[in-house]
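Below: the structure, in structure tokens.
The values are calculated or read from the model by the stated rules, or taken from the named source; none is laboratory data. A quick note: this is a predicted structure, and the numbers were derived from the prediction, not measured. Neighbour counts run over all protein chains shown; Cβ positions are idealised from the backbone, glycine included.
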Amino acid sequence: MNLAIDKKQLRFYLWVGAAYLGLWLFVDLVTHTAQFPLWAVNEIWRAVYIAAANIIFFEFTLPRISRRKKLKSLALLLGQFFLFSFGLYAWRALGIQAGIHTSFITYSTFSHGLGDQFGASIFSVVFFGVIRHIYQYRKLKEAAQLLRIEKQEAELNYLKSQTNPHFLFNTLNNIYALARDKSDLAPESILRLSKILRYMLYEAGGTYIALEQELKLISDYLALEQLRYDASLQLNFNYDVEDMKQSLPPLLLIPLVENAFKHGVSETRQRPFVDIHLSVNQRQLVFVVKNSTEVLPEEAPIKEHIGLSNLRRQLELLYRDYSLSVQQGNCEFTATLKINLASHVPHHLHHH
């Protein structure tokens, strides 16, 4: 018969046993004030047996009861009944014999004594059972919460890992276009790409990054894109940020900038432009990216590309208070991102 239980479970039963003992000590203090010390010893003696009998019941007997094995289940229940009645009665008698337990009640018959002890045992099963149920429910809830958080973290990491190669792939495409045209700007574009790569490898790996570093990446990316276009591209990037040191998840803003070039400027034949404005005041971030496009509002519904759909899901996992809206105007496309930076969802639970 294997009765091995882990330390955490044993500690739990000891705490419940102590609560059970505390309850009876309070009852005795109120009802038997004069003889309380003797009653207290009796309760301690009984609580030791009661705790052990309940551990056996909940950890060994109960898990082995099944409808399919009726005989075995019946034998286990009879054995447990014996522990809760005859066993407790014998434990009391042993205490009296050893001079530990003081007999305040004299039973007229053996069955009366047995019934009294069994009644006390049934109360203890209810007491231990209710607390055990609450404890296990809480444990399950915590485990489910932890699982949900781990799943969200895994998804967030997956989305980030998708964003990086996607962003890099588009940047390499731009350099390839310059190299193919044997442009003198190819070496400079490679230099700018190396700066972006350094940022992505060494600085964008963490959970947060200072806003000034994210702005620096956007500036480097814009400079790299500008190399591809002649003076016809109108580029405007301005920001109003009260605190450059405040944190932001890395590479969060770049998909909107990238989207403006890949699905806007590159497809615009006349007067291409990109207009970017960022403001962060009192933890409220507003990021507006406008770009030229050949598509008219009535021509086609707005199609969200991988960069935008990934960003939408990342925001869902990262913030409670945000909005991302896209609008197709007359030959221009506008993406507006608003985030309350204070509404960041904590994704790490501390393991005890």
Quiz item: Has the range 310-323 got at least one residue that is surrounded by 13 or more Cβ atoms within 10 Å (Cβ to Cβ), at pLDDT 85 or above and at positive phi?
Solution: no
Quiz item: Which of (1) outside any loop (DSSP other than H, G, I, E, B); (2) polar (S, T, N, Q); (3) modelled with pLDDT of 85 or more is the odd one out, the single condition Thr102 does not satisfy?
Solution: (1)
Exercise. Select, from Ala47, Ala75, the only residue that is under 19 Å from Phe127 (Cβ atoms) and within 46 Å of the chain's Cα centre (by Cα).
Key: Ala47
Exercise. Please work out which residue is surrounded by the fewest Cβ atoms within 10 Å (Cβ to Cβ), limiting yourself to the range 183-219 and to residues that are modelled with pLDDT of 85 or more and among the charged types (D, E, K, R).
Key: Glu212
